[in-house]
Amino acid sequence: MAVDTAESAEQALEFLAQSRPDVIFMDHLMPGMDGFQAVQVIKSDPLTATIPLMMYTSQEGELYVSQARALGAVGVLPKTVRPVDVSRVLYQLHLLPDRRQHRSALFDGGAARSLPVDVAEVANSDSGDAEGRDEPTSPATARIGTPSALAELQGNLRQAMQQQLRDQLAEQRRSVVATLETLGRRISAELKDGLSKLPQPPTVEIPPPTPPARWPVVVVALLAAVPALVLGALLWRALDANRAAARQIADLKARPAAAASIAKAPSGAPTVIAAGPGREAATVIEFLPYGEPPFDGARLERLRTIASALETEGFHGRILAESFVGDFCLTGNAYEGFSVADPDLPLAKCALVGNPHDDGLSPAQRQSVAFANFTAGLRQRTNGAIVVEVMNGGRTDPVQYPEQREGMTAGQWNGVATQNNRVEFRVIPGA
């Protein structure tokens, strides 16, 4: 199946102006226009209104499903979807062929053509012997009893039986899944109907309570004051941390222009550098361990801290989040996966020097759902005053790797790769 992707609803509408796919899977939360708005535009256009459209989201609940169907979606798939769910949707939309239509031939061309000739010539040979004629055996007569012909027949029979069993199992599996879903919906409807018919419980008049003594009130007040004091202390520490982050950003803005440089740091430790030539504002760097998505985890927490400080200042502008790729010395293989090599391993014994994990990520997989929801919520909460833009810098502007020489270890190489595998947050003031 040919799959085309679009990073936003606007790009999807531009794609639909030139192409007509057989089915559309639409995400809900996206930068700019969300999924519901895109569905309304697609269904209002006569040229694209007939294309089946499935919503693909982490939202749950009957209200969301009803709203999606009311706008024209044929169904809703969760983001934890199983492969069998996608296959069932495509099968129901007649986009997957029925595997019962594909049958492997019992014989290939050579065997099918040779068998009738062999049988005929064996019959002729038998009749000649009965009449007492001593005739030489033909090549076709000898071929029917050869091990190769019998093995070919046996292999074709086995292949036909295996294909038949696979088709039967697939058909039974689809039937069982459909039966269970129908049974589940029926039981759910019966339970809802039964609960709605239950009589209301009788009202019980509760006598007014006797007034309590005063000393328990004092004890409860003291017990309530202790959590309040603890929460107040935690709130004060959080506000103090926000003020410290705000002062740090203000200090970075006030620094004079200087050449930007990346200081060596342990893996995962953040580095802050002042703005330099080509930089519009301060830059915060988060190093990215191998195998993690760029915009998630510690990078999301760093973005939360920066955004909180900027909101406190009343900042207007952009936060540019750009990821860069580092090439690591790895061990393993493509089937079982790669991992960072041991630091003492010689560099020449690395199975691969690169970053297959980052290279295999699609634009949608580079950021988690929590990261996308936070950026969308930040823009909505600040009425567009603070906007987060996500970019992929690839392997541009890397720290220089050491020259590969004899005796170099994987730890020396990966120390530089760790600095290149990073995410930079740049605060850019707006007009």
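The values are calculated or read from the model by the stated rules, or taken from the named source; none is laboratory data. Keep in mind that what you see is a predicted model, and the values were worked out from it rather than measured. We place every Cβ from the backbone using ideal geometry, glycine too, and count neighbours over all the protein chains shown. To get the accessible areas, we keep the full protein, side chains included, count just its heavy atoms, and leave off ligands, DNA and RNA. Shrake-Rupley method; radii C 1.70, N 1.55, O 1.52, S 1.80 Å.
Where the second residue is assigned to a helix (DSSP H, G or I) and open to solvent by 40 Å² or more (accessible area, probe 1.4 Å) and the first is closer than 20 Å to Asp327 by Cα and lies in the range 290-301, which pairs have Cβ atoms under 6 Å and are six or more apart or on separate chains?
Close Cβ pairs (under 6 Å, with a partner that is assigned to a helix (DSSP H, G or I) and open to solvent by 40 Å² or more (accessible area, probe 1.4 Å)) amount to Gly291/His357.
Please work out if Pro21 is assigned to a loop (DSSP other than H, G, I, E, B), closer than 30 Å to Leu157 by Cβ and open to solvent by less than 90 Å² (accessible area, probe 1.4 Å).
no
Got a number for residues in the range 40-79 being open to solvent by less than 70 Å² (accessible area, probe 1.4 Å), without any contact (Cβ under 8 Å) to a residue 24 or more places away in the chain and either in a helix (DSSP H, G or I) or of a type in the set (A, V, I, L, M) (or both)?
Count: 6.
Of all residues in the range 382-395, which are farther than 19 Å from Ile428 by Cα and either in contact with an Asp or Glu (Cβ under 6 Å, 6 or more places away or on another chain) or open to solvent by 50 Å² or more (accessible area, probe 1.4 Å) (or both)?
Taking the range 382-395 and keeping what is farther than 19 Å from Ile428 by Cα, we get 394-395.
Correct list: Arg395 only.
I'd like the residue in the range 371-381 that is open to solvent by 50 Å² or more (accessible area, probe 1.4 Å) and not charged (D, E, K, R) and, out of all such residues, is nearest to His28 (Cα to Cα). Before the answer, list the steps.
The initial filter retains those residues of the range 371-381 that are open to solvent by 50 Å² or more (accessible area, probe 1.4 Å), namely 373, 379-381.
Now drop any that are not not charged (D, E, K, R), which leaves 373, 380.
Numbers: Asn373: 10, Gln380: 15 Å.
The selected residue is Asn373.
Here are some conditions: (1) within 23 Å of the chain's Cα centre (by Cα); (2) under 27 Å from Arg302 (Cα atoms). Phe338 meets all but one. Which one does it not meet?
The number of the failed condition is (2).
If only one of Pro398, Pro363 is open to solvent by 20 Å² or more (accessible area, probe 1.4 Å) and in contact with a helix residue (DSSP H, G or I) (Cβ under 8 Å, 6 or more places away or on another chain), which one is it?
Result: Pro398 is the single residue among Pro398, Pro363 that is open to solvent by 20 Å² or more (accessible area, probe 1.4 Å) and in contact with a helix residue (DSSP H, G or I) (Cβ under 8 Å, 6 or more places away or on another chain).
Restricting to the range 401-431, and then to whatever is more than 27 Å from the chain's Cα centre (by Cα) and under 30 Å from Phe374 (Cβ atoms), can you tell me which residue is most open to solvent (accessible area, probe 1.4 Å)?
Ala431
From Pro21, Pro31, grab the single residue that is under 23 Å from Met391 (Cβ atoms) and either touching a residue at least 12 places away in the same chain (Cβ under 8 Å) or small (Gly, Ala, Ser) (or both).
Result of the check over Pro21, Pro31: Pro31.
Could you count how many residues in the range 45-76 are small (Gly, Ala, Ser), within 14 Å of Ile24 (Cα to Cα) and under 22 Å from the mean Cα position of the chain (by Cα)? Reasoning before the result, please.
First, pick out the residues of the range 45-76 that are small (Gly, Ala, Ser): 49, 58, 61, 66, 68, 70, 72-73, 75.
Going one step further and asking which of them are within 14 Å of Ile24 (Cα to Cα), we end up with 49, 68, 72-73, 75.
Restricting the remaining residues to those that are under 22 Å from the mean Cα position of the chain (by Cα) gives 68, 73, 75.
The number of residues fulfilling the criteria is 3.
Open to solvent by 100 Å² or more (accessible area, probe 1.4 Å), closer than 30 Å to Val84 by Cα and modelled with pLDDT of 75 or more - does that describe any residue in the range 142-158?
Taking every residue of the range 142-158 in turn, at least one turns out to be open to solvent by 100 Å² or more (accessible area, probe 1.4 Å), closer than 30 Å to Val84 by Cα and modelled with pLDDT of 75 or more.
Which members of the range 11-35 meet the condition of being within 21 Å of the chain's Cα centre (by Cα) and over 20 Å from Phe374 (Cβ atoms)?
Scanning the range 11-35 gives Gln11, Ala12, Val23, Ile24, Phe25, Met26.
Could you list all residues from the range 178-188 that are at pLDDT below 80 and hydrophobic (A, V, I, L, M, F, W, C)?
Across the range 178-188, the qualifying residue is only Ala178.
Quick one: is Tyr335 in a loop (DSSP other than H, G, I, E, B) and without any contact (Cβ under 8 Å) to a residue 60 or more places away in the chain?
Details: in a loop (DSSP other than H, G, I, E, B): yes; without any contact (Cβ under 8 Å) to a residue 60 or more places away in the chain: yes.
Taking the combined requirement at face value, the residue satisfies it.
When the residues of the range 338-355 are narrowed to those that are touching a Gly at 6+ places or on another chain (Cβ under 9 Å) and not in a strand (DSSP E or B), which ends up most open to solvent (accessible area, probe 1.4 Å)? Working first, answer last.
From the range 338-355, those touching a Gly at 6+ places or on another chain (Cβ under 9 Å) are 338-347, 351-352, 355; that's our starting set.
If we keep only those that are not in a strand (DSSP E or B) as well, we get 341-345, 347, 351, 355.
On the way: Ala341: 8, Asp342: 92, Pro343: 78, Asp344: 125, Leu345: 44, Leu347: 17, Ala351: 61, Asn355: 5 Å².
Among residues in the range 338-355 that are touching a Gly at 6+ places or on another chain (Cβ under 9 Å) and not in a strand (DSSP E or B), the one most open to solvent (accessible area, probe 1.4 Å) is Asp344.
For the list (1) open to solvent by less than 30 Å² (accessible area, probe 1.4 Å); (2) over 30 Å from Lys79 (Cβ atoms); (3) not in a helix (DSSP H, G or I), I need the number of the one condition that Leu330 fails.
(2)
Against the conditions (1) at pLDDT 90 or above; (2) more than 22 Å from the chain's Cα centre (by Cα), where does Ala274 fall short? Just the number, please.
For Ala274, the exception is condition (1).
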